[in-house]
Amino acid sequence: MEEKKILKEMDELKIIQKRFELITVARYRDKAKMKKASEEIDKIRKKAGVGGKSTTEILREWRDKRCASSS
């Protein structure tokens, strides 16, 4: 009886350990993706010759120009 209880507790610990590993790896991956995305945005800004404008401002200007030319 005691052995079954110990095995059950060990199984629970293994599950918790696996969940923890998944969470920590997922956080690392997200940070790596965010860093890569920000580097790509910087490259695009340099190519476009945009100074200190945010991406939102750039897209808004592009949309305004696009809508103005189609009217």
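For the chain, find the longest principal axis of its Cα atoms and tell me its angle to the long axis of helix 2-48, 0 to 90°, nearest 10.
So the inclination is approximately 10 degrees.
For Lys8, give me every one of the lysines with a C-alpha distance below 27 angstrom, ignoring sequence neighbours fewer than eight places off in its own chain.
Leaving aside lysines fewer than 8 places away in the same chain, those within reach of Lys8 are Lys18.
Work the Kirkwood hydrodynamic radius out for the chain: mean of 1/r over every pair of different alpha-carbon atoms, inverted, in Å.
Evaluated over the chain, this radius sits at 16.8 Å.
How big is the dipole moment of the chain about its Cα centre under a simple scheme where the beta carbon of each Lys and Arg is +1, that of each Asp and Glu is -1, and everything else is neutral? Debye, nearest 20, please.
For this selection, approximately 500 debye.
Bear in mind that the values in this text are calculations on the coordinates, not laboratory data. The structure displayed is predicted, hence computed values, not measured ones. Note that each Cβ is placed from the backbone with ideal geometry, even for glycine, and that neighbours are counted across all protein chains shown.
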